[in-house]
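The structure appears right after this line, and notes come after that.
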Amino acid sequence: MANMDIGIMPRKRAEHEPRLVLQQCCFCCIRLRTGSLILAYLYLIGVTLNLGYAIMGMATVISYLIQMSESFRPVLIKITLLTSVILVLNFVTIPFNVLLLVGLHTERPRYVRTYIIFQIICTILTALQQIITMCIVTQIFSTLVGVLLTLVYIAINVYYLLVLRSHYHKMVEGSDQRSQMFQNSRLTFAPKA
């Protein structure tokens, strides 16, 4: 009983290191911030082009819907519904992509995190839409091409999300370091009179 001094030291919270954080973009020497900006601009261009193609496709299907016989109408109605899903997703994606670009340019992690959550949901919805489209198509070749394109789409989006998530973690880590530097600096405030 000679050593009765039991010092309870506060336990340090285990630092949770995020997994799958990339150090660079595109497997080469491009910094994450630059790669995130490049990918975000390319994604915005792709969504805008996809929106234009979807509008043209919708107009074409509607013109065929008016002219075709009754036997083709159920298939054309299904295609119209699937194309409208693409239109809605693209219309919603553009403002979120602009939010991402603002967040990347102004170093606001909250905007980037919001976009990452949205993009995960959008990727899942688009993959489901592609699966439904493949179920409607009866030709084997079209189905195989659709499966391949869907897998490529998912792989590209997963990589895109990994780059954004890695940059997001770097942004948050940087903001934590800045706040600690501010707290550790010796600031003196004049007492209130």
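Quick one: is S71 small (G, A, S), over 16 Å from the mean Cα position of the chain (by Cα) and in a helix (DSSP H, G or I)?
Values: small (G, A, S): yes; over 16 Å from the mean Cα position of the chain (by Cα): yes; in a helix (DSSP H, G or I): no.
Considered against the rule, which asks whether it is small (G, A, S), over 16 Å from the mean Cα position of the chain (by Cα) and in a helix (DSSP H, G or I), S71 comes out as no.
Checked against (1) within 18 Å of the chain's Cα centre (by Cα); (2) assigned to a helix (DSSP H, G or I); (3) at pLDDT below 85, L20 passes all but condition (2).
On the stretch given as segment 100-115, residues that are assigned to a helix (DSSP H, G or I) and surrounded by fewer than 16 Cβ atoms within 10 Å (Cβ to Cβ) total 5. Does segment 146-153 contain any residue that is surrounded by 10 or more Cβ atoms within 10 Å (Cβ to Cβ), over 22 Å from V88 (Cα atoms) and modelled with pLDDT under 85? Yes, segment 146-153 has at least one match.
The values are calculated or read from the model by the stated rules, or taken from the named source; none is laboratory data. In this text the structure is predicted, and so the values were computed from the model without any measurement. All Cβ positions, even for glycine, are placed from backbone atoms using ideal geometry, and neighbour counts span all protein chains on display.
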